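Reading through the structure tokens given below for one structure.
What follows draws every value from the coordinates through simple rules; no lab data is involved. Everything quoted here is computed from the prediction, not taken from an experiment. Neighbour counts run over all protein chains shown; Cβ positions are idealised from the backbone, glycine included.
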């Protein structure tokens, strides 16, 4: 095995959150599981690419938001999730 | 417009403004022969500057900052919430804040105004010339602009089990559990709490230990159920909060009583709990 890089606390939190989502996805139906896994992995990969690794305020905000969403997903009454894309037509000056 | 302005401003404030107005106009006219310089704009239009904390999670690279907004207070309601709504309507629709009842009963608009926690719908706009600083509740995670994450606060309230717990089985004819007037009077000063979080977020002890210390609001509610004569789990309630961190992080700083917008006294209720712990 290649020597593993020493992960910082915040990196471990993000990976733990990702693992939590995958584990929650396992408990849903197979089609939903695939949907959840694709949405979650797409979001995590996009944020890993675009967010500056030193921007701790924003990363902590994303982790908190993710934890809240994970708590909602863990609820057995929730059957799945869906996403929609908002096109930001204009930005407020 | 002048008539509307008269209706909105209180008579006292109007009286305060006019002597200052006239004295400033007189002083600015140096010589009777030379033309009078135009009066300074601030004395005729009652403008007030608000420095409002802004942070947008959708543009993560911008750091949180204070943004200034000037509004004409003569054309605005007397409360800070009126000013915020006016700014949102006319100047910056992206300003985000929680609000609901506009009468101080829901607790949604709790924020820090000029250093003191309070409800925006109950805090009058300070009439002086200094800029007013509006920021979110201190030491809470910010979701956007003035909106904070209250989940920890609500979880602490839930952990206190704020419902009636009885050991006796319910009477077969489902009669009310009777309570005398004196017993009901013991709950005054606790049942009025609207869970606005002004007290807990003003407590330095809560700032340094938000996860472990329950905070004045949750402890006030714990006492509300401990004092309720109909509740039969008093000993269990006292034992569950008899903890070094849950209860005894309180060092009687008394910021909570100062901050409460409903005039409640959480410090007194925490004191009552501590005294009961000695006896139990």
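Candidates in the range B:59-78 are the residues that are within 12 Å of another protein chain (Cβ to nearest Cβ) and over 20 Å from residue B:110 (Cα atoms); of these, the one that is surrounded by the most Cβ atoms within 10 Å (Cβ to Cβ) is B:60. Answer yes or no: is there a residue in the range A:58-65 that is more than 11 Å from chain B (Cβ to nearest Cβ), touching a residue at least 40 places away in the same chain (Cβ under 8 Å) and surrounded by 15 or more Cβ atoms within 10 Å (Cβ to Cβ). Checking the range A:58-65: not a single residue is more than 11 Å from chain B (Cβ to nearest Cβ), touching a residue at least 40 places away in the same chain (Cβ under 8 Å) and surrounded by 15 or more Cβ atoms within 10 Å (Cβ to Cβ). Counting only helices (runs of 4 or more DSSP H) that sit completely within the range B:141-259, those holding 1 or more residues that are touching a strand residue (DSSP E or B) at 6+ places or on another chain (Cβ under 9 Å) and surrounded by fewer than 20 Cβ atoms within 10 Å (Cβ to Cβ) correspond to B:255-259.
One line per residue, one yes/no per condition, for (1) surrounded by fewer than 15 Cβ atoms within 10 Å (Cβ to Cβ); (2) without any contact (Cβ under 8 Å) to a residue 12 or more places away in the chain; (3) within 13 Å of chain B (Cβ to nearest Cβ):
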residue: A:12; (1), (2), (3): yes, yes, no
residue: A:15; (1), (2), (3): yes, yes, no
residue: A:32; (1), (2), (3): no, no, no
residue: A:56; (1), (2), (3): yes, no, yes
residue: A:71; (1), (2), (3): yes, yes, yes
residue: A:80; (1), (2), (3): yes, no, no
residue: A:88; (1), (2), (3): yes, yes, yes
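Selection over the range B:79-95 of residues that are within 14 Å of chain A (Cβ to nearest Cβ) and either surrounded by fewer than 16 Cβ atoms within 10 Å (Cβ to Cβ) or not in a helix (DSSP H, G or I) (or both) gives a count of 7.
Regarding residue B:129, is this residue in contact (Cβ under 8 Å) with a residue 24 or more places away in the chain and more than 14 Å from chain A (Cβ to nearest Cβ)? Judged against the criteria, residue B:129 is a match. Can you spot a residue in the range A:37-52 that is within 11 Å of chain B (Cβ to nearest Cβ), within 23 Å of residue B:142 (Cα to Cα) and either in contact with a strand residue (DSSP E or B) (Cβ under 7 Å, 6 or more places away or on another chain) or in a loop (DSSP other than H, G, I, E, B) (or both)? Among the residues of the range A:37-52, at least one is within 11 Å of chain B (Cβ to nearest Cβ), within 23 Å of residue B:142 (Cα to Cα) and either in contact with a strand residue (DSSP E or B) (Cβ under 7 Å, 6 or more places away or on another chain) or in a loop (DSSP other than H, G, I, E, B) (or both), which makes the answer yes.
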